[in-house]
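Everything on this sheet refers to the single structure shown next.
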Amino acid sequence: MLLIKNCIPATQYSNNNADGYEEISIITDFINRRNLKITAIYNPPHRSLINEDLNHPSPTGMDTIIIGDLNSKSVNWDCRSNNNNGESLLPLIIKSSLKVISSTLPTYYPIFNWHRPDILDIAITNYKIPIAADVLNDLSSNHLPVILSVGHQITLQKKTIAKTNWNLFTNILIINNSVILPTNNFRDIDTHVDRTQDIIINAFKEASEEIEQKSNFTILPREIRE
């Protein structure tokens, strides 16, 4: 879903496939100003990017911003590792002189502990105006919301990441969640969910410290950088 201010003229397009691929776009309809295309994409984990997807981000003569979960990982935009979709997407980005906008923090926290948090939600653009991405620490979903700030001057600054003592985190959870409250109705369930979320957030803060994170700002392929 894309929301746009009702005073901005725009045309909507959508493309959903049976394989789970979802896409929705809006194109602004300004008469005397340069138009902008914004596309939101969800590419499911089991689906490989195809040529139509790879050629999509750079329409001729139009500023474009592609946003969403492409399930395309690459160390070139600060993911922990590469996957096939990321390796397929990288040559197009280089060839078309596109930019990848991503946070230096994970946007996805997996349910299973044998998987690691990573960056799945990115933006791809040919837009010349500065764009920055920030992740909101909202634990209501394992996909964290990402805010793109468009048109603001970006100043490179030191990025920090939380280094967590997970043993301390576990002990804090045990201590603070040891009281079992009665559950008699749906309102009690909502109260317990809110309380549990607050306990988790506060335990994470108490067990964590901020350290500087090294970021990789290059878009050059790994074999060239090495």
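When you scan the stretch 62-98, how many residues do you find that are of a type in the set (Lys, Arg) and either out of contact with any strand residue (DSSP E or B) (no Cβ under 7 Å at 6 or more places or on another chain) or surrounded by 15 or more Cβ atoms within 10 Å (Cβ to Cβ) (or both)?
Our first condition is that a residue be of a type in the set (Lys, Arg); within the stretch 62-98, this holds for 73, 80, 95.
Remaining after also requiring either out of contact with any strand residue (DSSP E or B) (no Cβ under 7 Å at 6 or more places or on another chain) or surrounded by 15 or more Cβ atoms within 10 Å (Cβ to Cβ) (or both): 73, 95.
Of the residues in the stretch 62-98, 2 are of a type in the set (Lys, Arg) and either out of contact with any strand residue (DSSP E or B) (no Cβ under 7 Å at 6 or more places or on another chain) or surrounded by 15 or more Cβ atoms within 10 Å (Cβ to Cβ) (or both).
Considering only residues of the stretch 99-126 that are among the hydroxyl-bearing types (Ser, Thr, Tyr) and farther than 15 Å from Leu148 by Cβ, which is modelled with the highest pLDDT?
Step one: filter the stretch 99-126 for residues among the hydroxyl-bearing types (Ser, Thr, Tyr), giving 102-104, 107-109, 125.
After this cut, where a residue has to be farther than 15 Å from Leu148 by Cβ as well, the list is 108-109.
Numbers: Tyr108: 88, Tyr109: 85.
Here the answer is Tyr108.
Quick one: is Thr191 of a type outside the set (D, E, K, R), at pLDDT below 75 and over 18 Å from the mean Cα position of the chain (by Cα)? Spell out the reasoning first.
Values: of a type outside the set (D, E, K, R): yes; at pLDDT below 75: no; over 18 Å from the mean Cα position of the chain (by Cα): yes.
No, not satisfied.
How many of the residues in the stretch 93-126 are of a type in the set (A, V, I, L, M), out of contact with any Pro (no Cβ under 7 Å at 6 or more places or on another chain) and over 18 Å from Pro45 (Cβ atoms)? Lay out the reasoning, then the answer.
So in the stretch 93-126, the residues of a type in the set (A, V, I, L, M) come out as 93-94, 98, 100-101, 105, 111, 119-120, 122-124.
Still in the list and also out of contact with any Pro (no Cβ under 7 Å at 6 or more places or on another chain): 93-94, 100-101, 105, 111, 120, 122-123.
Next, from what is left, pick out any that are over 18 Å from Pro45 (Cβ atoms): 93-94, 100-101, 105, 123.
Qualifying residue count, the stretch 93-126: 6.
Go through the stretch 7-50 and count every residue that is aliphatic (A, V, I, L, M), more than 25 Å from Ile129 (Cβ to Cβ) and not in a loop (DSSP other than H, G, I, E, B). Reasoning before the result, please.
Our first condition is that a residue be aliphatic (A, V, I, L, M); within the stretch 7-50, this holds for 8, 10, 18, 24, 26-27, 31, 36, 38, 40-41, 49-50.
The next check asks that each one be more than 25 Å from Ile129 (Cβ to Cβ); those that pass are 18, 49-50.
Filter once more, keeping what is not in a loop (DSSP other than H, G, I, E, B): none.
Number satisfying all stated conditions: 0.
Do we find a residue being at pLDDT below 85 and out of contact with any Phe, Trp or Tyr (no Cβ under 8 Å at 6 or more places or on another chain) anywhere in the stretch 72-81? Spell out how you get there, then give the answer.
The initial filter retains those residues of the stretch 72-81 that are at pLDDT below 85, namely none.
No: zero hits.
Would you confirm whether or not the stretch 213-222 contains a residue that is exposed (fewer than 12 other Cβ atoms within 10 Å of the Cβ) and at pLDDT 60 or above?
No, the stretch 213-222 has no match at all.
Check off (1) assigned to a strand (DSSP E or B); (2) in contact with a helix residue (DSSP H, G or I) (Cβ under 8 Å, 6 or more places away or on another chain); (3) within 21 Å of Ala40 (Cβ to Cβ); (4) modelled with pLDDT under 90 for Ala162 and give me the number that stays unchecked.
(3)
The values are calculated or read from the model by the stated rules, or taken from the named source; none is laboratory data. Bear in mind that the values here come from a model prediction, so they are computed numbers and not experimental data. Note that each Cβ is placed from the backbone with ideal geometry, even for glycine, and that neighbours are counted across all protein chains shown.
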